[in-house]
Amino acid sequence: METFRNEGLGNHKITISDVAEALNVSKTTVSRAISGKGRIGEDTRQRVLAYIAANDYKPNVIAKGLAQKKTYNIALVIPGDCNFADMPFFQNSMQGICEEASAHDYDVMLVTTCANSSANLERMIQNNKMDGVILSRSMIEDRNVYLLKEHRIPFVLMGTSGDKNILQVDNDHKSGCRELISRMLESGMQKIGLIGGSKNYVVNRTRMRGYQEAFAQTQQGRKVGLDETLVFEDCDSAGKIRSAVEALIQAEAECIACMDDVVCLSVLQILAKKDIAVPQQIQVASFYDSSLLRNNKPAITSLEFDDKALGVLTCKTLLDYIGGKEVQGKTRMDYELVTRGSTLF
């Protein structure tokens, strides 16, 4: 069997010492020319810059980090229990985070945690592996937040928190949900059911407030009361979602609003098995869009959010904060309500 050994062929890169020796100047002079800081003649600066451009010199990030007491790494924390349906959100937001980080010479390290353990994040903190952290999911009780605060690690929550001392960047879920339900009420609907996942996730509580606020508003001179018997929360299993759908069918709900695409896909499968036509017999909408809902027949009326842009802004906020810039404590990104064939309004 053929074997291989890395002999370092083709890996030679010139160093700051090579540049200094070639130009007969000190390493300090080269460093000042590159950084633009410190006293140095303009002719010398241009000579150094011309040489490094011609020889494709790139400053050593590790050495740069040591000098500035930075690692040039940020950690992205994602839940270890995320499923297939969650992946588009994490993939798109991660792409935005990585692109923004790369533009500032930062690398992104992926860290998974679960509800009862933050061991992976703890190890990275102990080993001084990163300059800051992005938390990709907001929980009612989040041990990661306590851990980062305890160790004074800069972090940004890609989500919403009631803690005003936490930097937050999130989609405007509440306004989107309120608008979607308001549109249904304006069309004359009255029995609008709601099925949602775990109340331990802040986003589900935020969406719930949007649903409630829509009913609290006056619709075309009339006010439709919220029927609590049509609301089902903590539906975090197939059995609970099935029971909720059956209850809404029994109550003759005109529409089933789903808090996310995962719940919505389960609802659509249950309705299909029962030969209940969408939207002719019951309408369906989702508070979060995905390619699976867009490609469904009929396509599902949903709220669209730009997950990649969310990742870019979250990363920019973190890097600005690490760099000592003043940043906004709470930022909300816009949405688009897209009506499709699953509803009649």
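The values are calculated or read from the model by the stated rules, or taken from the named source; none is laboratory data. In this text, all values refer to a predicted model and were calculated from it rather than measured experimentally. Please note: Cβ atoms are built from the backbone with ideal geometry, for glycine as well, and neighbour counts cover all protein chains shown. For accessibility, only protein heavy atoms count, side chains too; no ligands or nucleic acids. Shrake-Rupley method; radii C 1.70, N 1.55, O 1.52, S 1.80 Å.
What number of residues within the stretch 327-345 are under 18 Å from L180 (Cα atoms) and either open to solvent by 100 Å² or more (accessible area, probe 1.4 Å) or not in a strand (DSSP E or B) (or both)?
Residues that pass the stated criteria total 10.
For P279, work out the one condition from (1) open to solvent by 40 Å² or more (accessible area, probe 1.4 Å); (2) touching a Gly at 6+ places or on another chain (Cβ under 8 Å); (3) not hydrophobic (A, V, I, L, M, F, W, C) it doesn't fulfil.
P279 satisfies every listed condition except (1).
Tell me which residues, restricted to the stretch 312-330, are of a type outside the set (D, E, K, R) and under 20 Å from V108 (Cβ atoms).
V312, L313, T314, C315, T317, L318, L319, Y321, I322, G323, V327
Among the helices (runs of 4 or more DSSP H) lying completely within the stretch 67-184, list those that include at least 1 residues that are in contact with a Cys (Cβ under 8 Å, 6 or more places away or on another chain).
So the answer is 87-103.
Are any residues in the stretch 224-250 under 27 Å from the mean Cα position of the chain (by Cα), closer than 18 Å to Y211 by Cβ and small (G, A, S), and if so, which ones?
Answer for the stretch 224-250, where residues must be under 27 Å from the mean Cα position of the chain (by Cα), closer than 18 Å to Y211 by Cβ and small (G, A, S): there is none.
Could you check the stretch 221-245 and list, in sequence order, the residues that are closer than 22 Å to L293 by Cβ, at pLDDT 95 or above, open to solvent by 60 Å² or more (accessible area, probe 1.4 Å) and not in a loop (DSSP other than H, G, I, E, B)?
Residues satisfying the conditions are K240, R242.
Looking only at residues that are without any contact (Cβ under 8 Å) to a residue 40 or more places away in the chain and open to solvent by less than 50 Å² (accessible area, probe 1.4 Å) in the stretch 292-326, which one is nearest to the chain's Cα centre (by Cα)?
Only one residue fits best here, namely D320.
Output the residues belonging to the stretch 247-257 that are assigned to a helix (DSSP H, G or I) and either touching a residue at least 12 places away in the same chain (Cβ under 8 Å) or surrounded by 15 or more Cβ atoms within 10 Å (Cβ to Cβ) (or both).
A247, L248, I249
If I filter the stretch 198-217 down to residues being open to solvent by 10 Å² or more (accessible area, probe 1.4 Å) and of a type in the set (G, A, S), which single residue comes out as nearest to T160 (Cα to Cα)?
S198
Before we move on, is I276 of a type in the set (V, I, T), at pLDDT 95 or above and part of a strand (DSSP E or B)?
Taking the combined requirement at face value, the residue does not satisfy it.
Could you look through the stretch 14-31, keep only residues that are among the hydroxyl-bearing types (S, T, Y) and part of a loop (DSSP other than H, G, I, E, B), and pick out the one that is farthest from D56 (Cα to Cα)?
Residue satisfying both the conditions and the ranking: S26.
Restricted to the stretch 282-291, and to residues that are open to solvent by less than 20 Å² (accessible area, probe 1.4 Å) and hydroxyl-bearing (S, T, Y), which residue is farthest from the chain's Cα centre (by Cα)?
Across the stretch 282-291, the extreme among qualifying residues is S286.
With the condition kept exactly as written, say whether any residue in the stretch 213-220 is assigned to a loop (DSSP other than H, G, I, E, B), modelled with pLDDT under 90 and under 30 Å from the mean Cα position of the chain (by Cα). Before the answer, list the steps.
First pass over the stretch 213-220, keeping only residues assigned to a loop (DSSP other than H, G, I, E, B): 217-218, 220.
Then drop every residue that is not modelled with pLDDT under 90, which leaves 217-218, 220.
Filter again for under 30 Å from the mean Cα position of the chain (by Cα), leaving none.
So far as the stretch 213-220 goes, no, none of its residues is assigned to a loop (DSSP other than H, G, I, E, B), modelled with pLDDT under 90 and under 30 Å from the mean Cα position of the chain (by Cα).
Would you confirm, using the coordinates I've provided, whether K129 is surrounded by fewer than 21 Cβ atoms within 10 Å (Cβ to Cβ) and either under 19 Å from the mean Cα position of the chain (by Cα) or free of Cβ contacts under 8 Å to residues at least 60 places away in the same chain (or both)? Spell out how you get there, then give the answer.
Numbers: surrounded by fewer than 21 Cβ atoms within 10 Å (Cβ to Cβ): yes; either under 19 Å from the mean Cα position of the chain (by Cα) or free of Cβ contacts under 8 Å to residues at least 60 places away in the same chain (or both): yes.
Here the answer is yes, as K129 does meet what is asked.
Can you tell me which residues in the stretch 31-61 are closer than 30 Å to I74 by Cβ and modelled with pLDDT of 80 or more?
L49
Identify the residue in the stretch 145-157 that is open to solvent by 10 Å² or more (accessible area, probe 1.4 Å) and under 18 Å from the mean Cα position of the chain (by Cα) and, among all such residues, is modelled with the lowest pLDDT.
To start, the set of residues in the stretch 145-157 that are open to solvent by 10 Å² or more (accessible area, probe 1.4 Å) comprises 145-147, 149-155.
Imposing the further condition that a residue be under 18 Å from the mean Cα position of the chain (by Cα) reduces the set to 145, 154-155.
On the way: V145: 91, P154: 94, F155: 95.
By that ranking, first place goes to V145.
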